[in-house]
Amino acid sequence: MTALLDTNVLIRFLTYDKTKKFRGVYSFFESLEHGDLRIKLTLIVLFQVVFVLKSFYSVPRKDIAAGMMSILKYKGIIVKEKKIVCRMLELWHDSKSDIVDCYLIACLEGDKQNILYSYDRDFDKYKINRKKP
């Protein structure tokens, strides 16, 4: 099994925490960038990072999206459905939609049926086949 990455490590890196306790996080991410170290970034951790940065640290969504997109390019970061996750961040960066809605849109863009059961009319702005349950 590949090692996993926890939310707090990403938060420390993305908020540029330079305290003595977290100095090692920068060399850790340098190793990930070069592929010397490989870890798995789960979707739940990615969503939690977005939530914490947005709500607790008040980081603008464009900065969060840009930071996460940059990290996803690191050779040592393994993400399931990386193409969908990158598309989700792209949509979220450029819209006012919720991050989960952007994930659903990104998932459906490549789906033949393209069906989403939802009451949310915001999906109608996209090429989504929205149906009410």
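The values are calculated or read from the model by the stated rules, or taken from the named source; none is laboratory data. A quick note: this is a predicted structure, and the numbers were derived from the prediction, not measured. Positions of Cβ are backbone-derived with ideal geometry, glycine not excepted, and every protein chain shown enters the neighbour counts. For the accessible areas, the whole protein counts, side chains as well, though only heavy atoms, and no ligand, DNA or RNA atoms are used. Shrake-Rupley method; radii C 1.70, N 1.55, O 1.52, S 1.80 Å.
Considering the alpha-carbon set of region 63-133 alone, what are its Rg and its Dmax in angstrom?
Gyration radius and largest Cα-Cα distance of region 63-133: 13.1, 42 Å.
How many percent of the accessible area of the chain is carbon or sulfur, using a 1.4 Å probe?
54
Provide Rg over Rh for the chain; use the alpha carbon set for both Rg and the Kirkwood Rh (inverse mean inverse pair distance). Working shown, then result.
Numbers: Rg = 16.3 Å, Rh = 15.9 Å.
So for the chain, dividing Rg by the Kirkwood Rh gives 1.02.
What trypsin sites (Lys or Arg not before Pro) in region 80-133 are in a loop by DSSP, with at most 16 other Cβ atoms within 10 Å of the Cβ?
Numbers: sites: Lys80, Lys82, Lys83, Arg87, Lys96, Lys112, Arg121, Lys125, Lys127, Arg130, Lys131; in loops: Lys80, Lys96, Lys112, Lys127.
Filter output for region 80-133: Lys80, Lys96, Lys112, Lys127.
With a 1.4 Å probe and every protein chain left in place, work out the accessible area per residue of region 29-133 in Å², rounded to a whole number.
On the way: 6510 Å² over 105 residues.
Per-residue accessible area for region 29-133 comes out at 62 Å².
Between Lys132 and Met69, how many nm apart are label points set 7 Å from Cα along the C-beta direction?
Taking the two extended label points, one gets 3.6 nm.
If you take the Cα Rg of region 6-68 and divide it by 2.2 N^0.38 Å, with N the number of residues, what do you get? Intermediate values should be presented prior to the final figure.
Working: Rg = 11.8 Å, N = 63, 2.2 N^0.38 = 10.6 Å.
For region 6-68, the normalised Cα radius of gyration comes out at 1.11.
Taking a virtual spin label 7 Å from the Cα of Tyr57 along the C-beta vector, which residues in region 1-21 bring their backbone nitrogen under 14 Å of it?
Within reach of a label on Tyr57: 6-19.
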